[in-house]
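A.B. asks: I am attaching a structure below and will ask some questions about it afterwards.
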Amino acid sequence: MDYPKSILGLIDNFSSLPGIGKKTAERLALHIYSNMNKDDIEVFAKNLVNVKSNLHPCKVCGNLTEEELCPICMDETRDKSQVMVVENIKDLFVIEKLEVFHGIYHVLGGAIDFSNGIGVEDIDIPHLIERVKQGEIKELILACNATLEGETTARYIKSLLEDYDIKITRIAHGLPVGGDIAYADQTTVLKALEGRRNY
C-alpha cells in the first residue's frame, strides 16, 4: 500500500530539492499533513509563490531584491568604489553576515565550468565589465570559490581587465583555522603558501 496521491506529490516536490532524500521528503510531507493547520499551509504556499513572483535580480549587482535596486546598492554609506565579485547570492549573504565588508557586490550567477557546459556567456561577466568601464570602481575583489571553476573564472576576469586602471585583488585561500597540514590536500597547502604574509 502506498500513500495517497496528494502526499506522494508532496514527497516528490520535497525530494527534488538539493540535500533532501526520499526519507526526509516523506517526513516533511507527513509533518505538513499532521502538524500544520490550513492557515499555516496557505501562508507556506503563498511564500513559495512570492519567492518566484516578487523577487528578481538587482539591476546593478544581481543580488535578490523586491525593488529595482537591492538594499546594499541603495545604501549611501557603502563604498561604491570597492566591488566584491561573488559566484552566487549565498556567497554574498555569507560575507554580509560577517559585517566587515562595506563595499558593494557583483553576483556572477555561477562559475565557468566547461565540463558541465557552463561557459563565459552563461555568467554575468559582460555587465561586470560595463560597471568597470564607468570608472567609479577602484578595487575589484575576486571572491570566487577555491575550486578549479572558481579559479578559472577569477583568472578569466583578471585577463579581461588587465588594460583598465583598477586594482584587482583575490581573497586568500589556504588552511582553515584549526586545520592540520597533514590532512590538507596539495592545492590547499599551495594556496596557503601563496597567501603567506609578514608575521
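The values are calculated or read from the model by the stated rules, or taken from the named source; none is laboratory data. Quick caveat: nothing in here was measured; it's all calculated off a predicted structure. Every residue, glycine among them, receives a Cβ derived from its backbone with ideal geometry; neighbour counts consider all protein chains shown.
Each row is one residue, and each column tells you yes or no for (1) more than 20 Å from H173 (Cβ to Cβ); (2) surrounded by 14 or more Cβ atoms within 10 Å (Cβ to Cβ); (3) in contact with a helix residue (DSSP H, G or I) (Cβ under 7 Å, 6 or more places away or on another chain); (4) at pLDDT below 95.
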residue: C70; (1), (2), (3), (4): yes, yes, no, no
residue: I89; (1), (2), (3), (4): yes, yes, no, no
residue: L92; (1), (2), (3), (4): no, yes, no, no
residue: V100; (1), (2), (3), (4): no, no, no, yes
residue: Y105; (1), (2), (3), (4): no, yes, yes, no
residue: G109; (1), (2), (3), (4): yes, yes, no, no
residue: D113; (1), (2), (3), (4): no, yes, yes, yes
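A.B. asks: Hey, another quick one. If you go through the stretch 155-187, how many residues are closer than 22 Å to V85 by Cβ and either in contact (Cβ under 8 Å) with a residue 24 or more places away in the chain or touching a Ser or Thr at 6+ places or on another chain (Cβ under 7 Å) (or both)?
C.D. replies: 14
A.B. asks: From the residues in the stretch 152-167 that are assigned to a helix (DSSP H, G or I) and among the aliphatic types (A, V, I, L, M), which one is surrounded by the fewest Cβ atoms within 10 Å (Cβ to Cβ)? Steps first, please.
C.D. replies: Just the residues of the stretch 152-167 that are assigned to a helix (DSSP H, G or I), to begin with: 152-160.
Subsequent filtering for residues that are among the aliphatic types (A, V, I, L, M) retains 154, 157, 160.
On the way: A154: 22, I157: 23, L160: 15.
My answer is L160.
A.B. asks: Taking the stretch 17-32, which residues are assigned to a helix (DSSP H, G or I), of a type outside the set (D, E) and either exposed (fewer than 10 other Cβ atoms within 10 Å of the Cβ) or in contact (Cβ under 8 Å) with a residue 12 or more places away in the chain (or both)? If you could, list the steps in order and put the result at the bottom.
C.D. replies: Kept after step one, since they are assigned to a helix (DSSP H, G or I), are these residues of the stretch 17-32: 22-32.
Pick out the ones that are also of a type outside the set (D, E) and you get 22-25, 27-32.
Once the filter is applied, which keeps residues that are assigned to a helix (DSSP H, G or I), of a type outside the set (D, E) and either exposed (fewer than 10 other Cβ atoms within 10 Å of the Cβ) or in contact (Cβ under 8 Å) with a residue 12 or more places away in the chain (or both), the stretch 17-32 yields A25, L28, A29, L30, I32.
A.B. asks: Which is aliphatic (A, V, I, L, M), modelled with pLDDT of 95 or more and within 29 Å of E66 (Cβ to Cβ), of L8, L28?
C.D. replies: Values: L8 fails: within 29 Å of E66 (Cβ to Cβ).
None of the other options fit; the residue is L28.
A.B. asks: Out of curiosity, is F14 aromatic (F, W, Y), surrounded by 14 or more Cβ atoms within 10 Å (Cβ to Cβ) and farther than 30 Å from R78 by Cα? Before the answer, list the steps.
C.D. replies: Working: aromatic (F, W, Y): yes; surrounded by 14 or more Cβ atoms within 10 Å (Cβ to Cβ): yes; farther than 30 Å from R78 by Cα: yes.
For F14, the condition - aromatic (F, W, Y), surrounded by 14 or more Cβ atoms within 10 Å (Cβ to Cβ) and farther than 30 Å from R78 by Cα - is met.
Residue by residue, here is whether (1) within 30 Å of I137 (Cβ to Cβ); (2) not basic (K, R) holds:
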{"site": "I7", "(1), (2)": "no, yes"}
{"site": "S15", "(1), (2)": "no, yes"}
{"site": "P18", "(1), (2)": "no, yes"}
{"site": "L48", "(1), (2)": "no, yes"}
{"site": "L55", "(1), (2)": "yes, yes"}
{"site": "K59", "(1), (2)": "yes, no"}
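A.B. asks: Does the stretch 128-140 hold any residues that are modelled with pLDDT under 95 and crowded, with 17+ Cβ neighbours inside 10 Å, and which are they?
C.D. replies: none
A.B. asks: Being modelled with pLDDT under 75 and more than 25 Å from the chain's Cα centre (by Cα) is the filter here; which residues of the stretch 162-195 pass it?
C.D. replies: Within the stretch 162-195, just I181 meets the criteria.
A.B. asks: Could you check K46 against (1) crowded, with 16+ Cβ neighbours inside 10 Å; (2) closer than 30 Å to Y3 by Cβ and say which number it fails?
C.D. replies: (1) is the only condition that K46 fails.
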